[in-house]
Amino acid sequence: MGVNGGIDRHERLLEIVNLVYEIEDRQQMLAALFEELRRVFVFSSGVLLPIDPACFELQEALCFDCPAENSSPYLEHYAALDPYVLRGPASFDLNRTVRLSDLAGARELARSEFADFMAMVPYRHALAAVCGFNGQPLAAFSVHRSGHRGDFTADELATLDSIAPHLGRALGIRRLLADPAQREAVGLLAFDDRGQVLFMNAAARRIAVDGTASLIFAALPPKGPGVVCLDLRRYRVGRLPWRAASLLTSVEYDASEAGFMHAVSGRSGATMVRNWRDAQCLGAKLLIVGVVPFQRRVDVLTRLEKYGLSRRESTITVHGVLSGLANAEVARALCISEETVKSHLREAYRKIGVGNRQELVVRVLGLEGEVLPGRGEPPVGRPPARS
């Protein structure tokens, strides 16, 4: 059955858009969305898989007319073989719908282990969109059709295209309402084993400006998290494990360099990974790195200004004390004399009411509940420092 025409179709789409925003419970909203969408065109099942924007991984699916128990094997195994996932994030045009048949044909799918998962659901045709808000991918939304029916039409694709931006926006708004004091987005980078950047999300592009991604790579210790200072801010950097549910599995890899990635000529999907072993090989080549700003450092410059420091004094204090650099290193970085650095630091110590670097770090980056003195006033319980 094709898309209903005219006013009826338009009204049904408006109904779907309205319920996407109006129903607060996500599970209820999705059930109502799928029910209403089925009145517009025929499909056998549907799913929504939330995406964790901090690591670009798919999460537990919300299923409609398909077995919920299929979610675990998909996330733990089959996602790494899914043609939609193998497009890589560079190909994700947020809130735009793609047909499965435009990514891989019947022959390519039949030669892949992913065909086993399609038989479990079951389905043969699919429409899917990565829904997002403010540049962040928040969920993968898809509908399926069994093999005895024809593929989805261009009109049906356009219908989902008209709904996807609203779904992305509604999910984004729910996320903001759930956490009004939402932390800054996590920077996410993918490197190859030589340190070459393969992918950066929007947050990472804001953090790693002017080619500073190499500093992030260099700051990674052999084990555990590391710390890097970029543009007067400190960030915690750490490795993230590759999992089958990662949307970064095939990021920027050249199919000609990996013999197990098979080109699909004439299709926008470009590559197929046919089995789990090959998917693991791809994952092993990736170094996925998260970059998180230290929450206590978000307001460091503001805190220093409350002590009465000038902008220049604050800059030198951040470079020289909070970043752990020697006076000579700060002087070279800022193209000033070492004596000028010492002079500014002495003035900073005086205004903050401390006698050395260690006391300054404790004072400025100490307990979150510490009450800052008024502008230019000495801390309570410490006599004013002498000039």
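Give the residues of segment 116-158 that are in a helix (DSSP H, G or I) and surrounded by fewer than 23 Cβ atoms within 10 Å (Cβ to Cβ), sorted by residue number.
Quick first cut of segment 116-158, residues in a helix (DSSP H, G or I) only: 116-120, 154-158.
Across segment 116-158, the qualifying residues are Asp116, Phe117, Met118, Ala119, Met120, Ala154, Asp155, Leu157, Ala158.
Right, Arg267: at pLDDT below 90, in a loop (DSSP other than H, G, I, E, B), more than 19 Å from Gln196 (Cα to Cα) and of a type outside the set (Gly, Ala, Ser) or not?
Values: at pLDDT below 90: yes; in a loop (DSSP other than H, G, I, E, B): yes; more than 19 Å from Gln196 (Cα to Cα): yes; of a type outside the set (Gly, Ala, Ser): yes.
So Arg267 passes the test.
For segment 25-63: of the residues being touching a residue at least 60 places away in the same chain (Cβ under 8 Å) and charged (D, E, K, R), which is nearest to Met120 (Cα to Cα)?
Glu57
Given (1) of a type outside the set (Ser, Thr, Tyr); (2) modelled with pLDDT of 95 or more; (3) closer than 25 Å to Ala185 by Cα; (4) touching a Phe, Trp or Tyr at 6+ places or on another chain (Cβ under 9 Å), identify the lone condition not met by Phe152.
Unmet condition: (3).
How many residues does segment 328-371 hold that are open to solvent by 40 Å² or more (accessible area, probe 1.4 Å), part of a loop (DSSP other than H, G, I, E, B) and at pLDDT below 75?
5
The values are calculated or read from the model by the stated rules, or taken from the named source; none is laboratory data. Computed from a predicted structure; not experimentally measured. Note: ideal-geometry Cβ built from the backbone for every residue, glycine included; neighbour counts use all protein chains shown. The protein model used for the area step is the full one, side chains on, heavy atoms only, and it has no ligands, DNA or RNA in it. Shrake-Rupley method; radii C 1.70, N 1.55, O 1.52, S 1.80 Å.
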